[in-house]
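Note sheet for the following structure.
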Amino acid sequence: MATVQLRDLCGVRSGDKGDRSDLTLFADDEATYRAVLDAVTPEVVAAHFGDLVTGPVERFEVPNVLAVKFVLHGALGGGGPRSLRSDNLGKTLGGALLRLVVDVPDEVAAASPRRGRRAPVDRTPIS
């Protein structure tokens, strides 16, 4: 098994409705989709976000587009104009979900076209 962040496997789209955040992961192929279904459960997502989400987390599988949708209830501090959070629409929650570390089969991780696509870190000291 390989340990990777979801950003090495999936894309994400964020949405909102009231005090609910809607996060959808999109896999690039069937094998990745199955691995994500195994690794990313509502319980795992709820634990990842901790106290930020005060209600239940629901999961919906959308196999025809290789997507997994999560609805996080009580995730936006009241939502829209009611929330005092700086991200009252939850747009950054998608990026936060992509930081989730999961274990997937080695062959899935190795085949992912997203792995290693991040810009290299420049460690040159500033003069």
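The values are calculated or read from the model by the stated rules, or taken from the named source; none is laboratory data. Every value quoted in this text rests on a predicted model; they were computed, and no experiment measured them. Cβ atoms come from the backbone with ideal geometry, glycine included; neighbour counts cover every protein chain shown.
Inside segment 1-58, counting only strands (runs of 3 or more DSSP E) that do not spill past its ends, which hold 2 or more residues that are of a type in the set (Gly, Ala, Ser) and closer than 26 Å to Arg115 by Cβ? Before the answer, list the steps.
Numbers: elements: 2-5, 10-17, 20-27.
By residue number, 10-17.
Among what's in segment 81-123 and is modelled with pLDDT under 60 and hydroxyl-bearing (Ser, Thr, Tyr), pick the residue that is surrounded by the most Cβ atoms within 10 Å (Cβ to Cβ). Per the stated criteria, the residue is Ser83. Number of residues in segment 18-54 that are more than 18 Å from Gly95 (Cα to Cα) and either basic (Lys, Arg) or surrounded by fewer than 18 Cβ atoms within 10 Å (Cβ to Cβ) (or both): the value is 9.
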